[in-house]
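The values are calculated or read from the model by the stated rules, or taken from the named source; none is laboratory data. All values derive from a computational prediction rather than experimental measurement. No Cβ is skipped: glycine too gets one built from the backbone with ideal geometry, and neighbour counts run over all protein chains shown. Surface accessibility is based on the protein's heavy atoms, side chains included, excluding ligands, DNA and RNA. Shrake-Rupley method; radii C 1.70, N 1.55, O 1.52, S 1.80 Å.
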Amino acid sequence: MTTSTALPALDEIARILRANADRADRDAVLPEENLSVLRESGLLALLVPTGHGGLGGDLSDVAATARTLAGSCLSTALVWAMHISQTEALLRFAGPGLRAHLLPRLTSGRLYLASVTTETGRGSGLFTALTPLTTHDGVVRFTGRQAPVVTGGRHADGFLITLRSAPDAAPGSVSLVYADRADLRLSTVGGWDPLGMRGTESRGLLLSGAVPAHHIVGDPGGFGDIARESMVPTAHIGWAACWLGAAHAGFAALLGDLRGAGTPPGEVARERLARIRVDLDLASTYLNRVVEFAEDARRHGESLSTPLAQIRLNSLKLAVSETAARIAEALLRATGMTGYANRPEVARLHRDLSSAPLNHSNDRMWPATGALTLLDPTVRLL
């Protein structure tokens, strides 16, 4: 791992997140202390090359770091993973001027990025946009861009926003635009009181603003390529690692409780423990293999937007999200009514992991992945 020696304080970061996890869940906020320790640690620049002052990490480091953070506070870990997926998009697709503007801020911890890809009135499809941008005299403008969910948006220093590439463009012609917070008129929309993942503080936002035209990331209308090559792979790997890390930590805590109980668990409980362990091993193995596949493709200059690559990345998100939700339920069942006590960490883990299949809804991803599967008739397994 690139960062395993570069970040000796990772355990201390996890300790701080763990200390704030109950408050984040109770108050439905992203604790400022959690965000501050991420800023100060250099983790916001995990993927920035060392030559630019970053940590020079790769997708393996994203997965390993996400697993560790999520074992302490899944909400904060997912906020970080979303930021990392935005960072990846900028590193791979932003022009030289925008990169020069943003990289020093990333490496100093002064730039936490939020993703504005949801849109009110559009549904949950990622590759369309309703709100248009206009470009005149080198300035991009947009008005009334409303997003029902923006992870950690209240705390963000900058935003990556999807917009229809022109007023007369088709909804599928989507541009990705970077905006500093200072360039936006920004207000919150609606409340934030979900069952789980409360510490992500994913409030809705209404945004209007004007930015230089070179703040368009990649080609105008080219968001689909950015998403498939960069944002989606990094997000799916980061999310899966977060869910796995939280489930793993919950299982380890349960085993510790059982060992300290003095009475060995019965046969039914032992079977459930075995099934949880198998699920964890399978999820961990598939995560590691998908990371290896993605890194190998990039080393050889191969696209991650092919049907085969998209099947594997989607399968990772689908498999680990549903496995993690199943593990959360199994952890309760493994101890019966004794383990059903209303302990904050038990309740939080169950509620948080139950949301995993809803994060970029599996109900939409299963049919989409089925359509991709028809394009790979030789069934090339990982």
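Just a few scattered comments:
- The range 268-308, subset modelled with pLDDT of 95 or more and touching a Pro at 6+ places or on another chain (Cβ under 8 Å), residue nearest to Ala368 (Cα to Cα): Leu304
- Taking residues in the range 278-298 that are within 12 Å of Ala309 (Cα to Cα), and partners anywhere that are crowded, with 19+ Cβ neighbours inside 10 Å and of a type in the set (Val, Ile, Thr), the pairs with Cβ atoms closer than 9 Å and at least 6 places apart or on different chains are Val290/Ile237; Val291/Val62; Val291/Ile237; Ala294/Thr234; Ala294/Ile237.
- Meets criteria (in contact (Cβ under 8 Å) with a residue 40 or more places away in the chain, basic (Lys, Arg), open to solvent by 40 Å² or more (accessible area, probe 1.4 Å) and within 24 Å of Asp193 (Cα to Cα)) for Arg275: no
- Residues satisfying the stated conditions in the range 45-71, i.e. under 24 Å from Ala249 (Cα atoms), part of a loop (DSSP other than H, G, I, E, B) and open to solvent by 10 Å² or more (accessible area, probe 1.4 Å): Gly57, Asp58, Gly71
- Set side by side, the residues Glu33, Glu88 differ, and just one is more than 28 Å from Ser175 (Cα to Cα), in contact (Cβ under 8 Å) with a residue 12 or more places away in the chain and in a helix (DSSP H, G or I), which is Glu33.
- Of the residues examined, Ala235 is one that is in a helix (DSSP H, G or I), within 18 Å of Leu90 (Cβ to Cβ) and touching a residue at least 12 places away in the same chain (Cβ under 8 Å).
- Residue tally, condition open to solvent by 20 Å² or more (accessible area, probe 1.4 Å), touching a strand residue (DSSP E or B) at 6+ places or on another chain (Cβ under 9 Å) and under 13 Å from Ala156 (Cβ atoms), over the range 94-117: 1
- Checking Ala227, Ala247, Ala179 one by one, the residue that is part of a helix (DSSP H, G or I) and either surrounded by fewer than 24 Cβ atoms within 10 Å (Cβ to Cβ) or more than 18 Å from the chain's Cα centre (by Cα) (or both) is Ala227 and no other.
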